[in-house]
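The next block holds one structure in the form of structure tokens; read it before the comments.
Nothing in this text is a laboratory measurement; each read-out follows from the coordinates by a stated rule. Here the structure is a predicted model, which means the values were calculated and not measured. Here the Cβ is made from the backbone with ideal geometry for all residues, glycine too, and neighbour counts use every protein chain on show.
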Amino acid sequence: MVKLAEWRGKEVFGKYGVPLPRGHVARSAEEAESLVRSGTVPLPCVIKAQVLAGGRGKGGAVRFADTPEEARESARAILGLDFKGEKVREVLLEEKLSISRELYLSLTLDRALRLPILILSSQGGVEIEAVDDSQIERISIHPFAGLTGYEERRAAEVLGLSGTLAKALAQLLRSLWRAFVDEDAELLEVNPLAVVGDGLVALDAKVIIEDDAAFRHPEYAEIRDDRTPLEEIAREKDIAFVQLDGNIGVIANGAGLTMATLDVLQELGGRPGIFLDLGGTDDPKKVTEAFLLMSQATPKVVFLNIFGGVTRCDTVARGLVEAMRQVPESQRFPIVARIRGNNEAEGTEILRSAGITSVPSLKDSAQAAVDRSREAP
């Protein structure tokens with residue numbers, strides 16, 4: 001997925017006619033001051049760090065200014081911050097509006113229904129996860145029919161809007177729906193959607209573009225997102241690799257088995273930190289590349305959980321042993337293995353000869369991995 005910074009998300013919104021505050025991005029304190037002095041950004045204004053992590057207001061990454069000097073100093077205070085692991089390189093300056101209400105609105109994909117879904121709440125301005133479910137409305141949208149008049153009226157009813165504001169909402173929803181379809185979006189989120197006078201304004205913009213549609217959108221090719229450096233390397237090598245905040249590395253094959261492995265480790269009190277999905281690869285060289293990538297993340301223990309269906313257990317084991325030889329002695333870590341299925345006996349013997357025991361039971365092998373993660377220094 002391609003996650004856009006707020007200012008880029010608002011460029012997308014603006015292209016489709018979504019009402020926005022007047023604003024501009026700046027990359028230095030001096031540029032921020034100049035934008036205010038020239039009138040490009042009217043005073044008073046808000047200065048926001050352009051990072052992908054949430055909680056900017058609580059984390060000191062949002063400030064206000066009443067003068068050009070305050071805009072300069074606020075931008076200087078925010079630029080260079082290390083905010084949740086991401087260095088702030090840009091700030092967005094926008095006019096400060098008089099807001100009477102804050103609402104929540106998003107368009108995303110419901111994977112279970114296999115349909116686009118419109119999510120609404122009258123409780124905007126906070127993370128949607130913090131809103132009681134009774135205060136959230138979900139309206140599924142047929143992809144062929146698109147957004148209908150009934151759904152627009154239902155949305156206005158949920159948000160408590162009528163008259164001019166209901167008409168403004170209908171127009172905004174149509175704009176967002178066009179953007180959602182045309183840009184191949186996974187998510188368009190407006191939080192908060194502000195009631196300003198007799199109109200609506202998108203005060204924030206969260207936009208995520210579907211990776212698989214990248215060939216239709218070369219304009220997003222160079223946009224950074226929240227991948228770690230190792231995740232970026234994995235992407236280039238076509239390896240499914242995700243870093244979390246735990247200390248157990250997980251190598252499995254297939255999304256279902258990988259997620260089940262993470263669940264079991266967590267149920268046993270473990271903390272998965274990196275997971276790597278080999279998929280259906282049957283190439284020892286690919287397995288070696290994947291393992292070496294895992295080793296760079298320095299887990300305390302690696303749990304190898306392989307089911308040999310399309311994948312052969314012996315080729316995975318051979319690739320793992322070859323990769324182990326390439327990891328310096330000082331950087332090595334314990335490995336707990338569970339391999340079942342196609343060529344299981346051969347794979348088990350290859351691992352055994354390298355000093356790795358394969359435990360047949362998922363629960364027992366996962367428990368062993370959790371125990372080793374606690375013992376390791």
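Please compare each pair in K206/K237; K15/K58; K285/K363; K237/K285; K48/K206; K87/K300 to a cut-off of 22 Å on the Cα-Cα distance and tell me which ones are over it.
Over 22 Å apart, Cα to Cα: K206/K237; K15/K58; K285/K363; K87/K300.
Kindly provide the helix-only [θ] at 222 nm of the chain, computed as the sum of -39,500 (n - 2.57) over DSSP H runs of four or more divided by all residues, to the nearest 500 deg cm²/dmol?
After summing the helix terms and dividing by the residues of the chain, the value is -11000 deg cm²/dmol.
Explain nothing, just the number: relative contact order of region 101-220, from Cα pairs under 8 Å at least 6 residues apart, as a whole percent.
Relative contact order of region 101-220: 28 percent.
Loop only by DSSP, 14 or fewer other Cβ within 10 Å of the Cβ. Give me the GluC sites (Glu not before Pro) in region 104-171 that pass, ordered by residue number.
Here the GluC sites (Glu not before Pro) that fit, given the DSSP loop and packing criteria, are E127.
Counting Lys and Arg as +1 and Asp and Glu as -1, each charge on the Cβ, what is the dipole of the chain about the Cα centre in debye, to the nearest 20?
Charge dipole, the chain, about its Cα centre: 220 debye, nearest 20.
Just to be sure I understand, if you calculate Kirkwood radius over Cα pairs in Å for this structure, which of (i) 21.1; (ii) 23.5; (iii) 20.2 do you get?
(ii)
If you line up the long axis of helix 284-296 against the longest principal axis of the chain, both from Cα atoms, how many degrees apart are they, to the nearest 10?
60 degrees
So if R0 is 45 Å, what FRET efficiency would R89 and L268 give, r being the distance between their Cβ atoms, rounded to the nearest 0.05? Intermediate values should be presented prior to the final figure.
Numbers: r = 40 Å, r/R0 = 0.90.
That pair, R89 with L268, gives E of 0.65.
Taking Cα centroids, how far is region 141-193 from region 22-54 in Å?
Cα centroid of region 141-193 versus Cα centroid of region 22-54: 29 Å apart.
If I model a spin label as a point 7 Å beyond the Cα along the Cα-Cβ vector, how far apart are those points for A260 and D132 in nm?
3.9 nm
Using 0.36 nm per residue of separation minus the Cα-Cα distance, give me the extension gain between Q123 and K237 in nm, one decimal.
Length gained between Q123 and K237: 36.8 nm.
Among R72, R325, R22, which one moves the most in a GNM of the chain with springs linking Cα atoms closer than 10 Å?
Of the options given, R325 has the highest mean-square fluctuation.
With springs only between Cα atoms under 10 Å, which of F303, F64, F215 fluctuates most in a Gaussian network model of the chain?
Evaluated over the chain, the most mobile residue of the options is F215.
Could you tell me which residue out of L165, L81, G197 lies farthest along the dipole of the chain toward its positive end? Charges go on the beta carbon: Lys and Arg +1, Asp and Glu -1, centred on the Cα centre.
L81
Among bridges DSSP assigns within the chain, what percent are antiparallel (round to 5)?
75 percent
Need one number: nm distance between label points at E210 and Q171, each 7 Å from Cα along Cα→Cβ, rounded to one decimal.
Between E210 and Q171, the label points sit 3.0 nm apart.
Where does helix 149-159 land angle-wise versus the long Cα axis of the chain, in degrees 0 to 90, nearest 10?
90 degrees
Report the FRET efficiency, 1/(1 + (r/R0)^6), for A112 and R325, where r is their Cβ-Cβ distance and R0 is 30 Å, rounded to 0.05.
Computed FRET efficiency for A112 and R325: 0.10.
Order these by the 10 Å Cβ neighbour count, fewest first: V131, V51.
Starting with the residue having the fewest Cβ neighbours, the order is V131, V51.
Choose one of A26, T148, T348: the residue whose Cα lies farthest towards the positive end of the charge dipole of the chain (beta-carbon charges +1 Lys, Arg; -1 Asp, Glu; about the Cα centre).
The residue sitting most towards the positive pole is T348.
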